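The block underneath contains the structure these notes are about, expressed in structure tokens.
The values are calculated or read from the model by the stated rules, or taken from the named source; none is laboratory data. No experiment lies behind these values; they were computed from the predicted model shown. Cβ coordinates were reconstructed from backbone atoms using ideal geometry, including for glycine residues, and neighbour counts include every protein chain displayed. Accessible surface areas use protein heavy atoms only, side chains included; no ligands, DNA or RNA. Shrake-Rupley method; radii C 1.70, N 1.55, O 1.52, S 1.80 Å.
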Amino acid sequence: RTVHLISPEDATKLGALYIDDFYPFYSAISKQKDSFILNGLGMNSSKISTILRKYSDNLNSGLITDIQLDGLYPVILENPEQNLFVGENNAQCYSSDLEYLWSVEFDSNITASGIFDDGGSVFASHGSLCFYDSKGKELKRITVNDKINSIVAYKDMAAVISGSTASFYNSSGKYIDMISIPGLSVKVHFIDGKKMFVLSEHEAIVHNLKN
């Protein structure tokens, strides 16, 4: 099991990690571009565990820090100060140095999630949209009738996507706007905090938030 570091400019090989004690299946590069986290399955336990290891971008510093979590956490979300590891029905928040901050557990599966630049987060779970602050305190819980397919967070704004509709909320859970365009599903790509591309199978438009 080898992880290769490749230069994005010219595809030059920068280095390699040889892993013999867990099964890495995902990596996430920090927003500062100076480190990355490897996410993988643990090998030395009778229970499923997730291994998370942080390395510098050039590997010269070797392993920076690592943690092991019980259960499977396939999703990594981050802002400049925090990492949010999302599992089947719970999430754990750690600092950028992988120090534990808080966790939350739901009665049903998490179907989508997002993290804001201010440290807040949002989760979709069994007909509810739940907003939390940077300390893990629940701010607001909204009942939703439609299945939430995905959440796209940008700074202090989140696009909550259900089929061909995207609803927009700020990090405290305040409803901002909504757009629906023809198609089976839509994708949202933020240009800035007020403007974004909304794409479906049939068209792409630029949408400006009302408020």
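Put the Cα centre of the stretch 149-211 next to the Cα centre of the stretch 72-114 and the gap is 22 Å. Once you sort the root eigenvalues of the Cα gyration tensor of the stretch 136-211 as a ≥ b ≥ c, which label holds: rounded (a/c under 1.5), prolate (a/b larger than b/c) or oblate (the other case)? In terms of gyration-tensor shape, oblate.
Spin-label model, Ile29/Asp133: points 7 Å from Cα along the beta carbon direction are separated by 3.5 nm. Once you have a ≥ b ≥ c as the square roots of the Cα gyration tensor eigenvalues for the stretch 1-90, tell me rounded if a/c is under 1.5, and otherwise prolate or oblate according to whether a/b is larger than b/c. Cα axes put the stretch 1-90 in the oblate bin.
The share of accessible area on the chain that comes from carbon and sulfur is 48 percent, using a 1.4 angstrom probe. Computed extension length for Leu72-Asn89: 5.1 nm, one decimal, from 0.36 nm per residue of separation with the Cα-Cα distance subtracted.
Using 0.36 nm per residue and subtracting the Cα-Cα separation, the extra length available between Ser46 and Thr65 on full extension is 4.5 nm. Ranking Lys33, Lys195 by solvent-accessible area of protein heavy atoms (1.4 Å probe, all protein chains present), from largest to smallest, gives Lys33, Lys195.
Residues Thr65, Thr12 ordered from highest to lowest accessible area at a 1.4 Å probe: Thr12, Thr65.
For the pair Asp107 and Thr2, the difference between a 0.36 nm per residue extended length and the Cα-Cα distance amounts to 34.1 nm. Which entries of Lys31/Lys135; Lys13/Lys187; Lys147/Lys194; Lys135/Lys195 show an alpha-carbon separation above 27 angstrom in the structure shown? Table pairs above 27 Å Cα-Cα are Lys13/Lys187; Lys135/Lys195.
Think of a 1.4 Å ball rolled over the protein heavy atoms: the chain then has 54 Å² of accessible area per residue. Labels on offer are (i) 18.5, 53; (ii) 40.2, 159; (iii) 25.2, 90, and the one holding Rg and Dmax of the Cα atoms in Å computed from this structure is (i). In terms of its C-alpha gyration tensor, the stretch 46-128 has an oblate overall shape, because the principal axis ratio a/c (a ≥ b ≥ c, square roots of the eigenvalues) is not below 1.5 and a/b does not outweigh b/c. Ligands, DNA and RNA excluded, the heavy atoms of Val188 present near 10 Å² of accessible surface to a 1.4 Å solvent probe.
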